[in-house]
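> My structure is below; once you've seen it, I'll send some questions.
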Amino acid sequence: MAALIAYFSRAGENYVNGTIRDLAVGNTEVAAGLLQELTGADCFRIEPCQPYAKDYDTCIEEARADQRRDARPELKRYPASLEGYDTLYLGYPNYWGTMPMAVFTFLAHFDLTGKTILPFCTHEGSGLGGSVEDIRRLCPGARVGRGLAIHGGSAGSAGPALRKWLEENRDSKQS
């Protein structure tokens with residue numbers, strides 16, 4: 001069986017190491033690329049039809065409003081099927097203590113019963129928040145492995161942490 005890396009990432013203005021910086025590639029996409037190099041897994045970018053604003057302050061307010069109304073934003077596309085995958089690496093930035101609502105939409109679209117979900121998130125100090133618990137709640141038939149929190153400003157050098165995380169999750173599957 002194969003693995004899929006499904007991730008949400010946002011370029012544009014981002015909060016990085018205490019300052020607002022304009023990123024050509026979002027931190028989660030950088031981490032997903034490193035993970036793909038390590039695993040050879042297929043990649044799928046989760047994209048809402050209506051993207052968040054490029055301006056950081058506007059984006060965080062939009063994300064907060066989506067979360068408050070428990071929105072399920074429409075996505076541009078989905079993988080045709082997840083049948084051929086036994087493992088889903090799920091990447092996202094921490095938005096207000098959990099995943100962006102587009103990731104909720106993605107998870108709700110599929111029956112992930114019997115699949116292994118390995119979450120990884122980028123953040124600037126808030127870690128995984130409640131996202132792993134949210135994944136477990138949304139995907140009750142899936143095995144949700146230990147998540148990995150990657151400091152967004154260090155996403156480009158997260159290779160060793162990703163490698164260790166992969167080994168730890170592989171070891172926990174065998175025990």
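> When only DSSP loop residues count, what trypsin sites (Lys or Arg not before Pro) in the range 1-97 have their Cβ near at most 11 other Cβ atoms within 10 Å?
Details: sites: Arg10, Arg21, Arg45, Lys54, Arg64, Arg68, Arg69, Lys76, Arg77; in loops: Arg10, Lys54, Arg69, Lys76, Arg77.
Sites meeting the loop and neighbour criteria: Arg69, Arg77.
> Still on this model: Modelled label-to-label distance, Gln50 and Arg163, 7 Å Cα→beta-carbon offset: nm?
4.4
> Relative contact order for the range 59-151: what percent, with Cα pairs under 8 Å and sequence separation of 6 or more? List each step's numbers first, then the result.
Numbers: 150 pairs, mean separation 26.9, N = 93.
The value is 29 percent.
> Further question: Limiting things to C-alpha atoms, what are the Rg and the maximum Cα-Cα separation (Dmax) for the range 1-100, in angstroms?
For the range 1-100, the Cα-based Rg and Dmax read 14.4, 42 Å.
> Kirkwood hydrodynamic radius, computed over distinct alpha-carbon pairs, for the range 1-41: how many Å, to one decimal? Walk me through the numbers before you get to the answer.
Values: mean 1/r = 0.0886 Å⁻¹.
Evaluated on the range 1-41, it is 11.3 Å.
> Using alpha-carbon pairs under 8 Å, 6+ residues apart, how would you state the relative contact order of the chain in percent? Intermediate values should be presented prior to the final figure.
On the way: 333 pairs, mean separation 41.8, N = 175.
Relative CO of the chain lands at 24 percent.
> Run the numbers for Trp96 and Ala108: contour at 0.36 nm per residue of separation, minus the present Cα-Cα distance, in nm.
Details: separation 12, 0.36 × 12 = 4.32 nm, distance 1.95 nm.
Between Trp96 and Ala108, full extension yields 2.4 nm more.
> Now for a different question. Of the residues Ala161, Ala41, Ala24, which exhibits the maximal mean-square fluctuation in a Gaussian network model of the chain defined by a 10 Å Cα contact cut-off?
Comparing Ala161, Ala41, Ala24 in the GNM, the peak value goes to Ala24.
> Dividing the convex hull volume of the alpha carbon atoms of the chain by its residue count, what do you get in Å³ per residue? Don't skip to the answer; put the middle values down first.
Numbers: hull volume 18.7 nm³, N = 175.
Value for the chain: 107 Å³ per residue.
> Let me ask something else. Which residues' amide hydrogens lie under 5 Å from the amide hydrogen of Tyr89, considering only partners 5 or more residues apart or on another chain, with H built in the peptide plane?
It is Leu4, Ile5, Ala6, Leu118, by chain and number.
> Pop the C-beta distance of Glu37 and Ala65 into the FRET formula with R0 = 30 Å and round what comes out to the nearest 0.05. Numbers along the way, then the final one.
Numbers: r = 36 Å, r/R0 = 1.19.
The computed FRET efficiency comes out at 0.25.
> Out of every Cα pair in the range 74-165, what percent are spaced more than 19 Å from each other?
Working: 1675 of 4186 pairs.
The calculated P(r) of the range 74-165 puts 40 percent of pairs beyond 19 Å.
All of the numbers you see were taken from the coordinates with simple rules; none came from a lab. Source: prediction; values computed, not measured. Backbone-built Cβ (ideal geometry, glycine too); neighbour counts: all protein chains shown.
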